[in-house]
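A short write-up of the structure that comes next.
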Amino acid sequence: MVSPHSALVEALSNIVGSKFVSDDINVRLAYSRDASPEPPRVCDVVVRPSSTEEVAEIVKVANRFKVPIIIRGGGAGLVGLPPGSGGITIDMTRMSKIVELDETSMTVTVQAGINWSLMTYDLKKKGYRTPFYGPFSGGAATVGGSISNASVGLGSAKYGSVADILVGLEVVLPTGDVIRTGSGANPYAKKFTRWGFGPDTTGLFIGDQGVFGIKTEASLKIIPWPDEQAFGSYVFQDLEKACRAMHELQSKRRATNIALLEPDFNRIFGKAGFRGLADAPFSVHIHVEGYSKDEVEKHKALIDDIMKKHDGQEVPPDFPIWNFTRPWEWQPRTGPLGQAWITACYKVPILDYPAHRDLWYRVLDKYREVMKEKRIDFYVASLVVENALDPMNVLYWFDKDEEAREWVRKIWRDLIENEIRYGAIHYWLGKVIGERVARAYTGVYFDFLRSLKRTLDPNNILNPGLLLL
């Protein structure tokens with residue numbers, strides 16, 4: 001029997017070789033989901049390019065056949081694939097090389113399909129690291145996917161998000177044309193700075209969910225691997241005091257990582273043997289880095305003073321040592337009892353966080369009975385991202401219970417919609433959150449984005465439907 005996609009498969013095979021193209025249903029099903037509980041989206045064919053040139057040719061084929069492209073990195077997203085069905089899924093993970101380490105300019109250029117753990121491992125051999133060093137899903141999450149989501153995570157208290165370490169991109173536009181941004185737009189210049197040489201076109205592709213182009217290379221800042229580090233854990237009886245302590249600490253920018261744990265997470269970690277947390281209402285955890293023992297000790301002493309000033313009680317730093325030093329070796333995909341889980345990460349000013357927390361529990365009050373019946377749990381942990389707090393409010397459920405899964409999807413959406421109306425800035429968007437964020441855009445702003453999409457992507461090829469574009 002001849003495949004209905006045989007002409008498309010043949011055209012793609014001519015670009016990457018038949019080994020890296022498949023329309024087998026088992027392969028297509030394997031690519032039909034991300035890590036969320038959202039229903040599958042089955043494509044017509046999967047293709048795995050190894051170079052920018054191959055990606056550009058694939059995009060031209062998609063335009064010729066008038067079929068959509070779904071761009072896939074590590075599959076670690078928690079927000080659902082683009083709407084619709086069919087088309088081409090481009091798996092970017094063969095594009096996983098370090099292209100150039102420029103020690104003079106203090107940058108590294110990588111293919112966008114490399115994951116954070118592999119890049120960090122290879123850079124460490126040379127004595128370097130990126131300042132922001134990836135999301136907690138970095139064992140799978142790719143650099144390109146993180147840029148498309150404006151990811152935060154490790155190193156974000158001091159260095160911000162992936163956007164803050166990005167100096168330029170190579171992008172395949174929806175027409176198949178290829179551009180460089182940042183100083184790389186100047187064919188005579190090194191890839192060393194994002195600013196200058198005209199508008200900041202790099203920013204157009206940060207947080208764009210892949211609707212404006214396919215990132216194929218990224219140039220990132222690097223720093224020498226820190227020689228020294230210290231850790232601190234502090235228990236607070238009062239959330240507002242914990243937030244004031246983190247707010248004051250961030251005015252000094254001494255810590256590389258700061259996390260806030262709430263009662264349920266403290267209880268679970270306490271049961272697992274993390275000292276001082278079992279009965280803690282709230283706990284703040286600090287990771288400090290530097291290039292001398294004296295530097296790190298001074299930073300830690302300042303942090304101790306700030307925490308004590310706001311009534312934080314120091315306990316053994318088991319959690320930050322475990323959480324921040326080897327994150328991709330432990331990061332689970334299940335809850336404490338083996339549950340599935342889903343969350344929505346967003347940014348909010350640190351001192352506004354208690355009001356957002358109150359909002360969640362007002363929303364959840366509507367679902368208390370069903371949550372108890374279906375064994376749906378709600379835990380919260382947060383990261384500091386420069387001047388903001390990034391709460392991860394997690395819903396856990398046992399996925400063999402299909403009714404529980406559907407209730408979780410409903411509760412999750414209700415939380416997101418309320419968060420947006422309360423001023424939350426979501427960045428993990430994808431289908432589910434992206435649709436709700438796009439509905440909050442003003443008419444003029446949405447028209448602006450739609451005009452950009454139509455100009456760059458006249459056939460609406462790339463990730464159609466995301467951000468309602």
ask   = Under a plain spin-label model, where a point goes 7 Å from the Cα along Cα-to-Cβ, how far apart in nm are residue 19 and residue 362?
value = 5.9 nm
ask   = Taking a quarter of the surface of the Cα convex hull of region 95-224, what do you get in nm²?
value = 7.3 nm²
message = Quick check for me: using +1 on Lys/Arg Cβ and -1 on Asp/Glu Cβ, what's the dipole size of the chain about its Cα centre, in debye to the nearest 20?
response = 380 debye
key: For the chain, with +1 on Lys and Arg beta carbons and -1 on Asp and Glu, the positive-most of 468, 155, 132 along the dipole   = 468
remark   = Computed from the beta carbon distance with a Förster radius of 30 Å, FRET efficiency for residue 101 and residue 204 to the nearest 0.05 stands at 0.70
query = Taking Cα centroids, how far is region 60-123 from region 413-463 in Å?
reply = 21 Å
ask   = What percent of all Cα-Cα pairs in region 228-330 falls in each 5 Å bin, counting up from 0?
value = 2, 14, 25, 25, 19, 10, 4, 0
key: Furthest towards positive pole of dipole, 257, 143, 423, structure part the chain, Cβ charges   = 143
request  = Along Cα→Cβ, 7 Å out, is where each label goes; now give me the distance between the ones at residue 7 and residue 42 in nm to one decimal.
outcome  = 2.3 nm
ask   = Helix 402-421: angle to the longest alpha-carbon principal axis of the chain, degrees 0 to 90, nearest 10?
value = 80 degrees
query = How far apart, in nm, are the 7 Å Cα→Cβ label points at residue 197 and residue 124?
reply = 3.2 nm
key: Cleavage-rule hits (trypsin sites (Lys or Arg not before Pro)) in region 270-339: DSSP loop, at most 14 neighbouring Cβ within 10 angstrom   = 275, 333
query = Once the Cβ-Cβ distance between residue 370 and residue 337 is put in as r, and R0 is 22 Å, what FRET efficiency do you end up with, to the nearest 0.05?
reply = 0.75
key: Of 60/158; 158/400; 97/298; 158/241; 221/308, those spanning more than 32 Å from alpha-carbon to alpha-carbon   = 60/158; 158/400; 97/298; 221/308
key: FRET efficiency, residue 64 to residue 308 (Cβ-Cβ, R0 56 Å, nearest 0.05)   = 0.25
request  = Using only Cα atoms, find the angle between the long axis of helix 52-65 and the longest principal axis of the chain, and express it within 0 to 90 degrees, rounded to the nearest 10.
outcome  = 60 degrees
Degrees separating the helix 116-125 axis from the principal Cα axis of the chain, which is the longest one = 80 degrees
Theoretical gain in end-to-end length, residue 53 to residue 186 [0.36 nm per residue, Cα-Cα removed] = 45.9 nm
message = So if each residue of separation counts as 0.36 nm, and I subtract the Cα-Cα distance between residue 413 and residue 298, what length gain in nm does that give?
response = 37.0 nm
task = For region 148-281, give the magnitude of the charge dipole about the Cα centre (Cβ charges: +1 Lys/Arg, -1 Asp/Glu; no others), in debye to the nearest 20.
result = 320 debye
key: Spatial separation of Cα centroids for region 211-263 and region 146-206, in angstrom   = 22 Å
For residue 399, residues with placed amide H under 5 Å, excluding near neighbours = 340
inquiry  = Less than 21 Å apart at the alpha-carbon level, and either on another chain or at least 8 residues along: which lysines does that give for residue 431?
reply    = 215, 347, 410, 453
request  = Determine the equivalent ellipsoid of region 16-132 by diagonalising the alpha-carbon gyration tensor, then write out the semi-axes as square roots of 5 times the eigenvalues, largest first, rounded to whole Å.
outcome  = 30, 18, 12
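No lab work stands behind these numbers, since they all come straight from the coordinates. Just so you know, these numbers come straight off a predicted model, no measurement behind them. When we count neighbours, we look across all protein chains shown, and the Cβ atoms used for this are built from the backbone with ideal geometry, even at glycine.
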